[in-house]
Amino acid sequence: MSLFPPADCPRLIVKIGSALLVEADGSVRSAWLAGVAADVATRVTAGQQVAIVSSGAIALGARRLGLAKGGRASLEDAQAAAAVGQIALSQTWAAVLAAEGLTAAQMLLTLDDLEDRRRYLNAAATLDRLLTLGVVPVLNENDSVATEEIRFGDNDRLAARVAQAAGAAGVILLSDVDGLYDRNPALPGAAHMSRVERIDAAITAMADTGSTSGMGSGGMVSKIAAARIAASAGASLAIASGRIERPLSTEARHTLFVAERGAPARKAWLAGGLTARGTLHVDAGAAQALAGGASLLAAGVMRIEGSFARGDLVAIIGPAGPVARGLSEYDAADAARLIGHRREEHAVLLGYAPRAALVHRNHMALL
């Protein structure tokens, strides 16, 4: 139990990719899955609460429906395959966990469930209660209703958001790779990265977008995005190979992304948001002020993109790249009237008493 032992990690999220759970012909890798269930049982017995984010519904459903391209030929095929396959997936998990004396629960989430603050808190409360009761929640994106525009698109980022909602200290992404390399691992001389203290531009540049199995939807880009979300919420994340037996108890090579000091829950939720409604481009002075803990004032904004309402999540971009995310105090039309102007001019421009800032620091998370 080398990764995230119970004494250091009271709650753990384990993500399992399609290629690990489902054979190329669409059948379940039953023996391997039974080993994972045994590992989970060992951890639960030792006092760790474990939730599983499991891919595989589309792959399982495609086999049962005889759909081409693993059910991914069209959005309609993927939704139909997910609807059929999710039943098989939940039954499979319920059976292997029951064999270890564990009770499974199913939670299907959409992007909006974790992007809308109220729904996020409801999902977090359900997850917390299940874990407290000793249940092993098995979560997946609700692909039967998700669209191309409104979806996570991969379970790596879903796992990181679930870790945030659950207050987990660790996330393990079991995959068909054993971690991050400084270039595509198929290339000569590729070097394995065992530990990443900070996700910067150099680390992001190492990502390869491919999913080697052809069954999954995530690649290294999505895994680094997941590591960034987890780290900002105070959870460490490991990318480890599932191409071994008993992957949750066997010592093996992996990449560990170290957690940042945990942000307050609301700010961690803001930082992990994926669906900003708009973008505020700010000058260097404003970017520096935000880094120092200031609110975003309209005078430092150069241009605005997107259509958003007051209270919507917006991204704040400086000359060097992303700076923060926060909730806008104005809709896009009023914000556009204010950019570049000092606060004393705002009442005349708007025709009503202005608010303290375009994005207040209490409703902002630095990236």
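Which of the residues spanning segment 318-367 are in a helix (DSSP H, G or I), of a type in the set (A, V, I, L, M, F, W, C) and at pLDDT below 90?
Those that are in a helix (DSSP H, G or I), of a type in the set (A, V, I, L, M, F, W, C) and at pLDDT below 90: 347, 348, 349, 350.
Would you say residue 249 is polar (S, T, N, Q), modelled with pLDDT of 90 or more and open to solvent by 20 Å² or more (accessible area, probe 1.4 Å)?
In short, yes.
For the list (1) among the aliphatic types (A, V, I, L, M); (2) surrounded by 18 or more Cβ atoms within 10 Å (Cβ to Cβ); (3) over 19 Å from residue 56 (Cβ atoms); (4) modelled with pLDDT under 95, I need the number of the one condition that residue 130 fails.
Going through the list (1) among the aliphatic types (A, V, I, L, M); (2) surrounded by 18 or more Cβ atoms within 10 Å (Cβ to Cβ); (3) over 19 Å from residue 56 (Cβ atoms); (4) modelled with pLDDT under 95, residue 130 breaks only (4).
Which residue pairs have Cβ atoms closer than 9 Å, lie 6 or more positions apart in sequence or on different chains, and pair a first residue in segment 215-234 that is modelled with pLDDT under 85 with a second residue that is among the β-branched types (Val, Ile, Thr) and open to solvent by 20 Å² or more (accessible area, probe 1.4 Å)?
Correct list of pairs: 219/209; 219/212.
So which of 337, 325 ends up being free of Cβ contacts under 8 Å to residues at least 40 places away in the same chain and either farther than 12 Å from residue 301 by Cβ or open to solvent by 20 Å² or more (accessible area, probe 1.4 Å) (or both)?
On inspection, the qualifying residue turns out to be 337.
If you go through segment 27-48 one residue at a time, do you hit one that is closer than 22 Å to residue 241 by Cβ, open to solvent by less than 10 Å² (accessible area, probe 1.4 Å) and in contact with a helix residue (DSSP H, G or I) (Cβ under 6 Å, 6 or more places away or on another chain)?
yes
Between a residue in segment 64-86 that is touching a residue at least 12 places away in the same chain (Cβ under 8 Å) and in the same structural domain as residue 27 (by the TED database) and any residue that is small (Gly, Ala, Ser) and surrounded by fewer than 20 Cβ atoms within 10 Å (Cβ to Cβ), which pairs come within a Cβ distance under 6 Å, given they are 6 or more apart or on different chains?
Close Cβ pairs (under 6 Å, with a partner that is small (Gly, Ala, Ser) and surrounded by fewer than 20 Cβ atoms within 10 Å (Cβ to Cβ)) amount to 79/144; 82/144; 83/144.
Restricting attention to segment 139-165, which residues are surrounded by fewer than 23 Cβ atoms within 10 Å (Cβ to Cβ) and either modelled with pLDDT of 85 or more or not hydroxyl-bearing (Ser, Thr, Tyr) (or both)?
The answer is 142, 145, 146, 148, 149, 150, 151, 153, 154.
For a quick check of your reading of the model, give me the residue pairs whose first member lies in segment 131-146 and is of a type in the set (Gly, Ala, Ser), whose second is part of a loop (DSSP other than H, G, I, E, B) and surrounded by 23 or more Cβ atoms within 10 Å (Cβ to Cβ), with beta-carbon atoms closer than 8 Å and at least 6 apart or on different chains.
Filtered contacts from segment 131-146: 146/152.
Among (1) buried (at least 17 other Cβ atoms within 10 Å of the Cβ); (2) in contact (Cβ under 8 Å) with a residue 40 or more places away in the chain; (3) assigned by the TED database to the domain that holds residue 339, which single condition is residue 300 missing?
(2)
Since residue 72 meets every condition but one in (1) at negative phi; (2) of a type in the set (D, E, K, R); (3) over 23 Å from the mean Cα position of the chain (by Cα), which condition does it not meet?
With respect to (1) at negative phi; (2) of a type in the set (D, E, K, R); (3) over 23 Å from the mean Cα position of the chain (by Cα), residue 72 is out only on (3).
For a quick check of your reading: which helices (runs of 4 or more DSSP H) sit entirely within segment 76-179 and have at least 3 residues that are within 24 Å of residue 23 (Cβ to Cβ)?
155-166
The values are calculated or read from the model by the stated rules, or taken from the named source; none is laboratory data. These numbers were taken from a predicted model, which means no experiment stands behind them. No Cβ is skipped: glycine too gets one built from the backbone with ideal geometry, and neighbour counts run over all protein chains shown. Surface areas here come from the heavy atoms of the whole protein model, side chains and all, with no ligands, DNA or RNA. Shrake-Rupley method; radii C 1.70, N 1.55, O 1.52, S 1.80 Å.
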